[in-house]
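What follows is a set of notes on a single structure, which appears directly below.
The values are calculated or read from the model by the stated rules, or taken from the named source; none is laboratory data. All figures in this text were calculated on a predicted structure; none of them were measured in a lab. Here the Cβ positions follow ideal geometry from the backbone for every residue, glycine too, while neighbour counts run over all protein chains shown. The protein model used for the area step is the full one, side chains on, heavy atoms only, and it has no ligands, DNA or RNA in it. Shrake-Rupley method; radii C 1.70, N 1.55, O 1.52, S 1.80 Å.
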Amino acid sequence: MSKQYDAIIIGTGQAGPTLAKRLSSAGMSVAIVERHLFGGTCVNTGCIPTKAMVASAYAAHVARRGRDYGVIIDGSVRVDMKSVKARKDAISERSRTGVEKMLRGMERCDVYTGHARLRSTREVTVGDEVLTAERIFLNVGGRASVPKMPGIEQVPFLTNTSMMQLDIAPPHLVIIGGSYVGLEFGQMFRRFGSEVTIIEMAPRLVQREDGEISSAIQDLLTGEGIHLRLNARCISLSGRAGAIVAHVDCQDGSPAVEGTHLLLAVGRTPNTDDLGLDAAGVTRDERGYIVVNDRLETHVPGIWALGDCNGKGAFTHTSYNDFEIVAGNLLDKESRGVSDRIQAYALYTDPPLGRAGMTETEAQKSGRTILVGKRPMTRVGRAIEKGETTGLMKVVVDATSKEILGAAVFGTGGDEAIHCVLDTMYAKAPYTVLQRAMHIHPTVSELIPTMLQELAPPVS
Ligand SMILES: Cc1cc2nc3c(=O)[nH]c(=O)nc-3n(C[C@H](O)[C@H](O)[C@H](O)COP(=O)(O)OP(=O)(O)OC[C@H]3O[C@@H](n4cnc5c(N)ncnc54)[C@H](O)[C@@H]3O)c2cc1C
């Protein structure tokens, strides 16, 4: 006997639970299925726990720099990793239980635990149960990719998930992958006391950013004693627990990096391989992402895909925005699409990088005539007062239309300050509006209007 609902949601990541709330508030009966931890990646192994750990690492860093601020700490600064983990676990648990409690207490919503698979265009199985609905929403997220490197089967490795169980600082953490996940873990564990080596195949870190932002990030990390191996080709692995060797063919440096622990941070794989997509005729692309249109509808009417599994975003805010798009179209008679949103994200090194819209390289490629404004954080009063002058900010505008094309704030408060640029872009206001805005002193944001008063053609 199948159980009939108005809607079935698979996964309780960043889109599913809020969608359940909207649908049930609209009077629909909803079934939501979770196979593991409520709240998904962000809550349990992603944003929330890592940012809690970044905060502990920042505290250690500031304590070590106490003298710079006239604060004397008698004795050495030590990090108690068990307490770091306990703090992180408590923060994650609060969110996880909050999501579960909300779902279990929701009117017209049944919660199922177990692995869900599509059986047809309208049926989902969870264990022995069969659920039926006219609308099915897939919010299954992704997991850490494990690359096919020679030797990978022989050596123990960590991913963002297993890192959450560590209550020690590894003596030497070797990280493969020089983008967000690798850099955040790299810097925090360096600050916890580990020796850290980051291996990256590309010639620079965070490849999607402009070269000068990548170099500033690189300087930050090497300045804290992190070893970098860029241009690493033909990576292979050997060794055993506690003594792992990454063999790399780099332009410079030794052909082997020996560490005690290995973290893989080379991207994500969508959880779409065991979802019964074929049974429902839902298509995936060559990388496993569910193919959707601008409104997040799959090729099969009545089935949507939201969050990381559709390949249209890889962040909590993009998944949440997916929920808003689907709910707006279905329940509010709006016409919303993914194409309405502007690319935005942050990298949570300390200081963080906040990014909105295009890089200078992307803007150049678009064929527009552009103007660029830049300011080092050494010329930002707030950064000087805080003793945190690493980084720079940068904005790119269209010289003809006066549209803001993109900006990056890599510096203290960069993850927050970027929003004044982002919101001006959403308002479709010319840059002159922000240029003439009076901002509060002393803030990082107050220099964004100033930077816009000093625009110049790009240096080619
Ligand atoms: C280390 C790390 C740090 C990050 N930091 C940030 C950050 O600072 N900011 C940011 O915006 N993003 C960050 N992200 C990315 C962010 O975590 C993800 O983009 C976000 O969680 C994606 O949410 P989602 O809704 O797509 O699905 P997920 O949160 O991945 O949830 C999917 C859920 O579906 C469940 N599920 C899967 N398959 C099935 C099935 N067949 N049956 C039942 N249940 C199933 C899973 O158990 C999971 O609970 C980070 C990611 C990582 C790995």
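For the reader, a short list of remarks on this structure follows.
- Qualifying positions in region 156-181 - more than 24 Å from residue 317 (Cβ to Cβ) and either within 11 Å of the ligand (Cβ to nearest atom) or open to solvent by 10 Å² or more (accessible area, probe 1.4 Å) (or both): 156, 157, 158, 162, 165, 166, 167, 168, 169, 171, 172
- The criterion of at least 3 residues that are under 17 Å from the mean Cα position of the chain (by Cα) is met, among strands (runs of 3 or more DSSP E) falling completely within region 113-220, by 142-144.
- Subset of region 372-394 [touching a residue at least 60 places away in the same chain (Cβ under 8 Å) and either touching a Phe, Trp or Tyr at 6+ places or on another chain (Cβ under 7 Å) or among the acidic types (Asp, Glu) (or both)]: 387, 391, 392
- Pairs where the first residue, in region 301-321, is in contact (Cβ under 8 Å) with a residue 24 or more places away in the chain and at positive phi and the second is open to solvent by 20 Å² or more (accessible area, probe 1.4 Å) and more than 8 Å from the ligand (Cβ to nearest atom), C-beta under 6 Å, 6+ apart: 302/134; 302/135; 311/289
Listed here are the residues, each with its yes/no results for (1) under 25 Å from residue 9 (Cα atoms); (2) in contact with a Lys or Arg (Cβ under 9 Å, 6 or more places away or on another chain).
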{"position": "66", "(1), (2)": "no, no"}
{"position": "69", "(1), (2)": "no, no"}
{"position": "84", "(1), (2)": "no, no"}
{"position": "96", "(1), (2)": "yes, no"}
{"position": "110", "(1), (2)": "yes, yes"}
{"position": "118", "(1), (2)": "yes, no"}
{"position": "126", "(1), (2)": "yes, yes"}
{"position": "134", "(1), (2)": "yes, yes"}
{"position": "150", "(1), (2)": "no, no"}
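- In region 266-277, the residues that are under 26 Å from residue 184 (Cβ atoms) and within 8 Å of the ligand (Cβ to nearest atom): 268, 271
- Within region 29-51, restricting attention to residues that are over 30 Å from residue 135 (Cα atoms) and open to solvent by 20 Å² or more (accessible area, probe 1.4 Å), the residue that is nearest to the ligand (Cβ to nearest atom) is 51.
- Of the strands (runs of 3 or more DSSP E) that lie entirely inside region 274-364, those containing 2 or more residues that are more than 30 Å from residue 390 (Cα to Cα) and touching a strand residue (DSSP E or B) at 6+ places or on another chain (Cβ under 7 Å) span 303-305.
- Residues being charged (D, E, K, R) and either crowded, with 18+ Cβ neighbours inside 10 Å or more than 32 Å from the chain's Cα centre (by Cα) (or both) - total across region 52-67: 1
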